[in-house]
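Below: the structure, in structure tokens.
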Amino acid sequence: MSTDSKTTVIWAEIPVTDLARGTAFYEAVFGWTLTQMQMGPDRVAAFGSGGVGGNLVEGPGGMGAGNVIHLLVPDTVEAALSRAQQAGARAETDVITIPPGRYAVVRDPDGNRIGLFEAA
């Protein structure tokens, strides 16, 4: 990972109580192939390439207590929302349009608030 002095977000960590289940959910919704590994003291599944990425981190779930992490969907918000709900997410908002694009917020199976973002 390379960074420069203008980078403000280095990576994101999404807590999941069961790494295999969390990996299956995020792969189904975003079409990713996640790599599970030991990173320091944590079991993680890494996502992202060529920019800011992150990890699913096995441990206590977020249960909606943390920030919303907006992740780029591979197609449309509606298609990603459908996949997310089929994989066990609960929709928290309708699709919202803002100048940079469109998004909807869901709660993943561990209660984390995830923004499904489609760029304009």
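The values are calculated or read from the model by the stated rules, or taken from the named source; none is laboratory data. Keep in mind the model is a prediction, meaning the values are calculated, not measured. All Cβ positions, glycine included, derive from the backbone under ideal geometry; neighbour counts span all protein chains shown.
Values computed for the structure shown
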{"item": "Residue that is modelled with the lowest pLDDT, among those in segment 10-48 that are over 24 Å from residue 81 (Cβ atoms) and in a loop (DSSP other than H, G, I, E, B)", "result": "10"}
{"item": "First in segment 70-99 and touching a residue at least 60 places away in the same chain (Cβ under 8 Å), second anywhere and β-branched (Val, Ile, Thr), Cβ under 7 Å, 6 or more apart", "result": "87/29; 89/106"}
{"item": "Residue 91 vs. criteria aliphatic (A, V, I, L, M), modelled with pLDDT under 95 and surrounded by fewer than 20 Cβ atoms within 10 Å (Cβ to Cβ)", "result": "no"}
{"item": "Unmet requirement for residue 29, which otherwise passes all of (1) closer than 13 Å to residue 13 by Cβ; (2) of a type in the set (A, V, I, L, M, F, W, C); (3) surrounded by 18 or more Cβ atoms within 10 Å (Cβ to Cβ)", "result": "(1)"}
